[in-house]
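Trainee: Here it is, the structure, as C-alpha cells.
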Amino acid sequence: MNKIILTDKAPSPIGPYSQAYLTGNTLYCSGQIAIDPILGEFVGGTIENQTHKCCENVGALLAAAGFSFKDVVKTTCFLVNMSDFVKFNDIYGSYFVSNPARSCVAVKELPKGALVEIEVVAVK
C-alpha cells in the first residue's frame, strides 16, 4: 500500500513532492524547515527557534500518518553552521528520545535562509 500523507498541520509542499509518503509500514518524510504551517511563513530567528519548529513540523507529519517520534529509525539533518551543532543537538535530543540513526551534515545554504532542515524515516 502506498499513500501520500498530507496535513495542514505541517507546511504545504512548494514543489512537486509530498510532505510524506507511506509505503507498507515505512514512512518517508520530506525535509522540514522552520515554516509555520498556519501562516505559511518562515519563522526564522535563532537555531533554537528553528530547530523546535522543524521538530514540530516533523511531529505533525508523523502524527498525520499514525506514527510518533519513537517510530523514527533514521534522520538526516542539515546545518548551515556546524558551530550551531551543540545547540541544535540539545533540542533535537529532546524530541528524538529513541536515538535513531542519524546523519548530520553542513550545507552551504537552505531554502528561505533556514539554518536547519530535518528529514526522517519511520517504521511501525
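The values are calculated or read from the model by the stated rules, or taken from the named source; none is laboratory data. None of the values given here were measured: they were computed from a predicted structure. So basically every Cβ, Gly included, is an ideal-geometry build from the backbone, and we count neighbours across all protein chains shown. Ligands, DNA and RNA are stripped out before the accessible areas are found, and what is left, the full protein with its side chains, is counted by its heavy atoms. Shrake-Rupley method; radii C 1.70, N 1.55, O 1.52, S 1.80 Å.
Trainee: Which residue is surrounded by the most Cβ atoms within 10 Å (Cβ to Cβ), if the candidates are limited to the stretch 97-118 and must be in contact (Cβ under 8 Å) with a residue 40 or more places away in the chain and under 14 Å from the mean Cα position of the chain (by Cα)? Even if it seems obvious, please write down each step before you answer.
Mentor: In the first step, residues of the stretch 97-118 are kept if they are in contact (Cβ under 8 Å) with a residue 40 or more places away in the chain; the result is 110-118.
Going one step further and asking which of them are under 14 Å from the mean Cα position of the chain (by Cα), we end up with 110-111, 114-118.
Working: 110: 17, 111: 12, 114: 24, 115: 24, 116: 29, 117: 20, 118: 26.
Ranking the qualifying residues of the stretch 97-118, first place goes to 116.
Trainee: Determine whether residue 58 is among the hydrophobic types (A, V, I, L, M, F, W, C), farther than 17 Å from residue 117 by Cβ and outside any loop (DSSP other than H, G, I, E, B).
Mentor: Considered against the rule, which asks whether it is among the hydrophobic types (A, V, I, L, M, F, W, C), farther than 17 Å from residue 117 by Cβ and outside any loop (DSSP other than H, G, I, E, B), residue 58 comes out as no.
Trainee: Which of the residues belonging to the stretch 20-29 are in contact (Cβ under 8 Å) with a residue 24 or more places away in the chain and either open to solvent by 40 Å² or more (accessible area, probe 1.4 Å) or out of contact with any strand residue (DSSP E or B) (no Cβ under 6 Å at 6 or more places or on another chain) (or both)?
Mentor: First, the residues of the stretch 20-29 that are in contact (Cβ under 8 Å) with a residue 24 or more places away in the chain: 20, 22, 25-29.
Answer for the stretch 20-29, where residues must be in contact (Cβ under 8 Å) with a residue 24 or more places away in the chain and either open to solvent by 40 Å² or more (accessible area, probe 1.4 Å) or out of contact with any strand residue (DSSP E or B) (no Cβ under 6 Å at 6 or more places or on another chain) (or both): 25, 28.
Trainee: Tally the residues that are under 17 Å from residue 66 (Cβ atoms) and without any contact (Cβ under 8 Å) to a residue 24 or more places away in the chain, restricting the search to the stretch 4-19.
Mentor: Residues in the stretch 4-19 being under 17 Å from residue 66 (Cβ atoms) and without any contact (Cβ under 8 Å) to a residue 24 or more places away in the chain: 2 in total.
Trainee: Here's something else I'd like to know. Given the residues 35, 14, which is the only one that is at pLDDT below 95 and open to solvent by 10 Å² or more (accessible area, probe 1.4 Å)?
Mentor: On the way: 35 fails: at pLDDT below 95.
Every option except 14 fails the conditions.
Trainee: Could you list all residues from the stretch 1-38 that are within 19 Å of residue 110 (Cβ to Cβ), among the hydrophobic types (A, V, I, L, M, F, W, C) and not in a strand (DSSP E or B)?
Mentor: 10, 14, 33, 34
Trainee: Sticking with this one: Within the stretch 48-61, which residues are in contact with a helix residue (DSSP H, G or I) (Cβ under 8 Å, 6 or more places away or on another chain) and crowded, with 21+ Cβ neighbours inside 10 Å?
Mentor: Across the stretch 48-61, the qualifying residues are 51, 55, 58.
Trainee: Looking at the stretch 82-96, can you tell me whether even one residue there is in contact (Cβ under 8 Å) with a residue 60 or more places away in the chain, out of contact with any His (no Cβ under 7 Å at 6 or more places or on another chain) and not in a strand (DSSP E or B)?
Mentor: No: the stretch 82-96 contains no residue that is in contact (Cβ under 8 Å) with a residue 60 or more places away in the chain, out of contact with any His (no Cβ under 7 Å at 6 or more places or on another chain) and not in a strand (DSSP E or B).
Trainee: Quick one: in the stretch 62-88, of everything that is open to solvent by 40 Å² or more (accessible area, probe 1.4 Å) and farther than 23 Å from residue 11 by Cα, which residue is farthest from the chain's Cα centre (by Cα)?
Mentor: 83
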